[in-house]
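Chemist: Let me begin by handing over the structure; questions about it come next.
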Amino acid sequence: MTFRKSEAPVLAAVFLDLLGFGMVLADIQLRAESMVPKGWHPGWIVGGLLASTFVTQLLVSPRWGRYSDRKGRKVVIVLCTAISATALLVYGLAGSLPILLLSRILSGFGAANVAVVQAMIADQTETGERTAALGRVGAAISAGLVTGPPIGGFLAAMGGNHLIGLVAGGASMAGALWMWVALPNLPSQTAQEPGRAPVIDLRLLNDLPRLRPLVLIAVVAWFSLAMLEGTFARLISHLYRYDQMEFGILFGYESLLGIVVQAFIIGWVVSRIKDANVLRFGYLGQGLGLSMNPFAAMLSPTVVPFVILFVASTLYAIGASIANPTVNSLCSRLTPDARQGELFGLLQGTRSVGFVIGPVLGGILFDWQPAAPYLIAGAVCVGAACLVPGVAEKRLP
């Protein structure tokens with residue numbers, strides 16, 4: 001496993017940006033729920049608010065990726081990170097649902113920074129090292145999410161969303177400035193003409209049909225995560241009387257496991273186990289972990305629910321940390337070097353599809369029965385595991 005010195009500044013900046021994102025993640029569900037007018041059902045409102053980020057991301061991320069293919073990665077990464085920082089600052093000013101909505105839409109406009117970072121890493125690594133390199137990007141993301149939610153929970157108690165927005169936006173802006181100074185301004189990887197892109201750009205799937213089943217699996221997996229992230233703070237508040245602080249601890253713990261798996265374990269695993277088996281294990285772990293969450297008090301009546309939630313988080317985090325870089329690497333190995341930015345923009349879009357549907361459906365189901373989103377998401381992950389043999393049984397080139 002080779003670590004390139006050129007990766008250091010971009011990984012550090014990704015960490016800072018996701019640190020800010022994680023701070024907001026600990027607060028936004030309960031903050032939005034508190035702003036819903038009395039007599040209204042909060043599920044679809046909170047879910048729609050969360051989904052707005054990913055509707056925007058779905059429309060713009062592939063375009064950012066294609067632009068980075070033509071003009072180079074640095075300008076897109078820096079600009080998107082600056083937009084992300086602005087979104088966090090707007091979140092700090094939000095005193096109503098419309099301002100919260102504005103902050104989430106801006107967040108969607110800037111969210112392509114991670115996709116373009118992944119494309120930059122893919123540009124600079126050999127095929128055999130790509131899964132491990134993308135795992136390090138995932139570890140930087142997880143590192144931000146380890147520290148972000150606990151800090152966000154603490155800041156929420158100290159100064160509400162105003163303090164969160166100031167600190168989170170500052171961290172993300174620091175990442176943008178760091179990348180502006182430290183990243184090399186490498187030339188673009190392609191001379192293709194920009195053309196006229198459709199509203200939702202799926203041309204890569206038309207040109208490379210072997211990508212289609214992998215992208216479908218990615219959508220399914222992101223949908224399950226969206227069901228969790230869109231309702232988890234409400235779940236532990238309603239069922240177990242936990243608040244932002246406990247959410248931050250649990251989410252930070254999941255992300256810490258993500259760092260360990262993606263930085264130190266994933267490279268070893270994929271060098272010894274077939275891709276299909278890695279993905280099966282990952283998605284089954286996610287499904288089991290998700291399904292356990294609403295039953296923490298029932299699974300072991302003599303143990304406090306928080307302990308069972310840690311077990312569920314362990315299963316989910318290990319599964320997700322193995323599956324996500326593997327899918328990304330499989331897709332990258334099927335895609336020409338000149339279209340890596342377009343690919344990772346598309347993969348960012350698949351995340352958006354899952355997060356458009358997941359929070360809204362999850363919120364509505366939660367209002368009906370709190371366990372319902374988790375049982376459905378767990379079943380969806382099992383379905384993803386069943387889809388794996390047909391697309392990854394053979395080693396890709």
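The values are calculated or read from the model by the stated rules, or taken from the named source; none is laboratory data. Keep in mind it's a predicted model, so treat the numbers as computed, not measured. Every residue, glycine as well, gets a Cβ built from its backbone with ideal geometry; the counts of neighbours run over all protein chains shown. Calculation scope for accessible area: heavy atoms of the full protein, side chains included, ligands and nucleic acids excluded. Shrake-Rupley method; radii C 1.70, N 1.55, O 1.52, S 1.80 Å.
Chemist: Residues that are within 16 Å of Asn324 (Cα to Cα), at least 2 per element: which helices (runs of 4 or more DSSP H) completely within the range 252-300 meet that?
Modeler: 266-270, 275-292
Chemist: Do we find a residue being in contact (Cβ under 8 Å) with a residue 40 or more places away in the chain and within 30 Å of Ile121 (Cβ to Cβ) anywhere in the range 28-39? Don't jump to the end; show me each part of the working.
Modeler: If we filter the range 28-39 for residues that are in contact (Cβ under 8 Å) with a residue 40 or more places away in the chain, which is where we start, we get 28-33, 35-36.
Remaining after also requiring within 30 Å of Ile121 (Cβ to Cβ): 28.
Yes, that holds for at least one residue.
Chemist: Please determine whether any residue of the range 91-111 is among the β-branched types (Val, Ile, Thr), modelled with pLDDT of 80 or more and buried (at least 20 other Cβ atoms within 10 Å of the Cβ).
Modeler: no
Chemist: Answer yes or no as to whether Gly358 is assigned to a helix (DSSP H, G or I) and modelled with pLDDT under 80. I'd like the intermediate steps shown before the answer.
Modeler: On the way: assigned to a helix (DSSP H, G or I): yes; modelled with pLDDT under 80: no.
Here the answer is no, as Gly358 does not meet what is asked.
Chemist: A further question on this structure: Restrict the check to the range 40-48 and report whether at least one residue is outside any helix (DSSP H, G or I) and within 30 Å of Gly159 (Cα to Cα).
Modeler: Step one: of the range 40-48, the residues outside any helix (DSSP H, G or I) are 40-41.
Applying the additional criterion that residues be within 30 Å of Gly159 (Cα to Cα) yields 40-41.
Looking for residues that are outside any helix (DSSP H, G or I) and within 30 Å of Gly159 (Cα to Cα), one finds at least one in the range 40-48, hence yes.
Chemist: Given the condition over 17 Å from the mean Cα position of the chain (by Cα), crowded, with 19+ Cβ neighbours inside 10 Å and β-branched (Val, Ile, Thr), answer yes or no: does some residue in the range 228-238 qualify? Steps first, please.
Modeler: From the range 228-238, those over 17 Å from the mean Cα position of the chain (by Cα) are 234-238; that's our starting set.
Filter once more, so that each one left must be crowded, with 19+ Cβ neighbours inside 10 Å: 234-236.
Among the residues that remain, those that are also β-branched (Val, Ile, Thr) are: 236.
Yes, the range 228-238 contains at least one residue that is over 17 Å from the mean Cα position of the chain (by Cα), crowded, with 19+ Cβ neighbours inside 10 Å and β-branched (Val, Ile, Thr).
Chemist: If you don't mind, there's one more thing I want to ask. Going by the structure shown, is Val311 in a helix (DSSP H, G or I), in contact (Cβ under 8 Å) with a residue 40 or more places away in the chain and farther than 20 Å from Gly363 by Cα? Show your work before the answer.
Modeler: Working: in a helix (DSSP H, G or I): yes; in contact (Cβ under 8 Å) with a residue 40 or more places away in the chain: no; farther than 20 Å from Gly363 by Cα: yes.
Against the criterion (in a helix (DSSP H, G or I), in contact (Cβ under 8 Å) with a residue 40 or more places away in the chain and farther than 20 Å from Gly363 by Cα), Val311 does not qualify.
Chemist: Let me ask something else about it. Do we have any residue at all in the range 108-120 that's farther than 23 Å from Val75 by Cβ and over 14 Å from the mean Cα position of the chain (by Cα)? Please lay out each step first, then the result.
Modeler: At the first step, the residues of the range 108-120 found to be farther than 23 Å from Val75 by Cβ are none.
Looking for residues that are farther than 23 Å from Val75 by Cβ and over 14 Å from the mean Cα position of the chain (by Cα), one finds none in the range 108-120, hence no.
Chemist: Let me ask something else about it. Of these, Tyr253, Tyr283, which one is under 22 Å from the mean Cα position of the chain (by Cα), open to solvent by less than 20 Å² (accessible area, probe 1.4 Å), modelled with pLDDT of 80 or more and of a type outside the set (Gly, Ala, Ser)?
Modeler: Tyr283
Chemist: Just one of Asp27, Asp69 is among the charged types (D, E, K, R) and more than 18 Å from Gln340 (Cα to Cα); which is it?
Modeler: Details: Asp69 fails: more than 18 Å from Gln340 (Cα to Cα).
One residue alone meets the criteria, Asp27.
Chemist: Which of the residues spanning the range 224-247 are at pLDDT 80 or above and in a helix (DSSP H, G or I)?
Modeler: Scanning the range 224-247 gives Phe232, Ala233, Arg234, Leu235, Ile236, Ser237, His238, Leu239, Tyr240, Met245, Glu246, Phe247.
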